[in-house]
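Encoded as structure tokens, the structure appears first; notes follow it.
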Amino acid sequence: VRAFVFYLTKLALPFNLSPLYPHINTIDPFSFGYVEYIASFILLLFITYISLRSLKKNRLYSAVWFYYITTLIPVIGIVPVGAHFAADRYTYLPSLGPFLLLGVGIGYIFARSSKRGKALLIAVLLFLFGILTNKTITQIYVWKNSETLWTSVIKLFPYSTTAYINRGGGYAGMSNYQRAIKDLDTAIRLNPASLDAYKSRGNVYQRLGDSQQAIRDYSKAIELAVLESGDSKQTTKVYINRGATYMAMGEYILAIKDFNEAIKLDPGYVEAYNLRGAAYVNTGDYRQAIKDLNTAIQLDPVSADAYYNRGTAYRRIEDNYRAINDFSMA
């Protein structure tokens with residue numbers, strides 16, 4: 001209910017636009033959010049009532065209104081998707097109805113205005129055109145990069161965990177690790193049960209070479225994943241990352257345990273077989289290493305890493321002909 005009226009408001013007053021409109025987790029009966037829901041419900045009923053009342057005299061209003069509602073239904077949030085309750089792009093089709101009505105209204109006024117009235121109407125429209133053009137240019141800048149994008153969200157919604165996680169990821173991609181950690185610390189403070197925040201911070205610590213802190217964050221992410229029983233692919237990736245960190249520390253047995261867990265969750269995960277094969281090479285279990293790397297190559301015949309690791313295993317057992325073939329393929 002809130003979203004139907006929210007989009008109408010944004011079409012009429014396109015200010016404070018955001019790449020992300022996060023959900024409000026709890027509604028306080030005395031808060032503005034609660035009043036917004038009640039007001040939206042009343043306004044929705046009122047517009048629907050007026051549209052139906054005008055049906056006999058003029059079908060345009062009801063046609064526009066029910067077109068607007070129908071085209072929004074697939075994205076209105078009945079089935080929640082992601083961390084947002086609305087998105088500007090969802091108005092592309094629904095906005096045709098209200099703007100058609102607006103165009104008809106302007107045409108009606110223009111046709112019945114005097115010369116002076118027409119000149120005034122054109123001046124007002126040009127003024128609005130200038131404001132909206134300026135707004136468009138400003139909005140384009142928001143999408144320049146991850147920093148500008150998520151900073152704009154944080155300004156409007158400083159409680160958005162997702163925005164801090166994504167900006168932290170953007171900083172990490174720019175190798176600005178200290179700012180990345182600061183944002184991810186904030187995300188964890190806002191939501192101590194955020195699996196994504198711990199996973200992302202673990203990735204940053206891993207890049208910084210702080211293996212112990214990376215392990216702690218990955219372990220916390222795995223703990224949260226088990227509690228949530230959520231996305232197994234995401235959990236698989238955390239096991240892979242923690243296993244890779246253990247390998248960097250020379251803890252190959254612990255790494256193999258993590259890769260085993262990853263393969264249990266996703267038996268077709270190429271990287272899990274590749275890394276477990278590499279770990280077995282380091283423990284001297286070349287037979288098992290070759291078996292894993294055969295599987296990795298079978299799943300992904302163009303995995304250069306898998307060919308390289310298998311070549312290393314063959315070289316260790318002095319099967320030089322096969323080693324050379326694998327290194328050549330890599």
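With a cut-off of 8 Å between alpha carbons and a minimum separation of six or more residues, what is the relative contact order of the chain in percent? Intermediate values should be presented prior to the final figure.
Details: 367 pairs, mean separation 27.9, N = 330.
RCO, the chain: 8 percent.
Grab the DSSP H runs of the chain that are 4 residues or longer, score each as -39,500 (n - 2.57), total them, divide by all residues and round the 222 nm result to the nearest 500 deg cm²/dmol. Intermediate values should be presented prior to the final figure.
On the way: 16 runs with 243 residues, N = 330.
It comes out at -24000 deg cm²/dmol, rounded to the nearest 500.
If each of Ala123 and Thr136 carries a label point 7 Å out from its Cα toward its Cβ, how far apart are those two points in nm?
Each label point is offset 7 Å from its Cα along the Cβ direction, giving 2.4 nm.
Between segment 246-310 and segment 185-210, what is the C-alpha centre distance in whole Å?
Here the answer is 26 Å between Cα centres.
What figure in square angstrom, to the nearest 10, would you give for the accessible area of Lys135 with a 1.4 Å probe?
Here the accessible area works out near 50 Å².
Choose one of Val153, Pro192, Asn166: the residue whose Cα lies farthest towards the positive end of the charge dipole of segment 67-202 (beta-carbon charges +1 Lys, Arg; -1 Asp, Glu; about the Cα centre).
Val153
Name the residues whose placed amide hydrogens come within less than 5 Å of the amide hydrogen of Phe85, ignoring near sequence neighbours (fewer than 5 apart) on the same chain.
Residues meeting the criterion, in which the H sits 1.01 Å from N, are Tyr21, His23.
Grab segment 115-217 and count how many Lys pairs have their alpha-carbon atoms under 26 Å apart, sequence gap of 8 or more, or different chains.
9
With a 1.4 Å probe and all protein chains kept in place, how do Ile78, Ile188, Ile109 rank by accessible area, largest first? Show your work: numbers first, answer last.
Details: Ile78 130, Ile188 20, Ile109 95 Å².
Largest accessible area first, the residues go Ile78, Ile109, Ile188.
With a probe of 1.4 Å, find how much accessible area the chain has per residue, and write the answer as a whole number in Å². Mind showing how you got there, number by number?
Working: 19540 Å² over 330 residues.
Here the residues of the chain average 59 Å² of exposed surface.
When the accessible area of the chain is split by element with a 1.4 Å probe, what percent falls to carbon and sulfur?
Details: 11870 of 19540 Å².
Carbon with sulfur: 61 percent of the solvent-accessible area.
Just one of [x] 60; [y] 37; [z] 52 is percent of Cα pairs over 32 Å apart as worked out from the coordinates here. Which one is it?
[z]
Between Asp285, Asp88, Asp183, which gets the highest mean-square fluctuation from a Gaussian network model of the chain, Cα cutoff 10 Å?
Asp285
The values are calculated or read from the model by the stated rules, or taken from the named source; none is laboratory data. Everything quoted here is computed from the prediction, not taken from an experiment. Heads up, the Cβs are rebuilt from the backbone with ideal geometry, glycines too, and the neighbour counts pull from every protein chain shown. All accessible areas refer to the heavy atoms of the entire protein, side chains included, with ligands and DNA or RNA removed. Shrake-Rupley method; radii C 1.70, N 1.55, O 1.52, S 1.80 Å.
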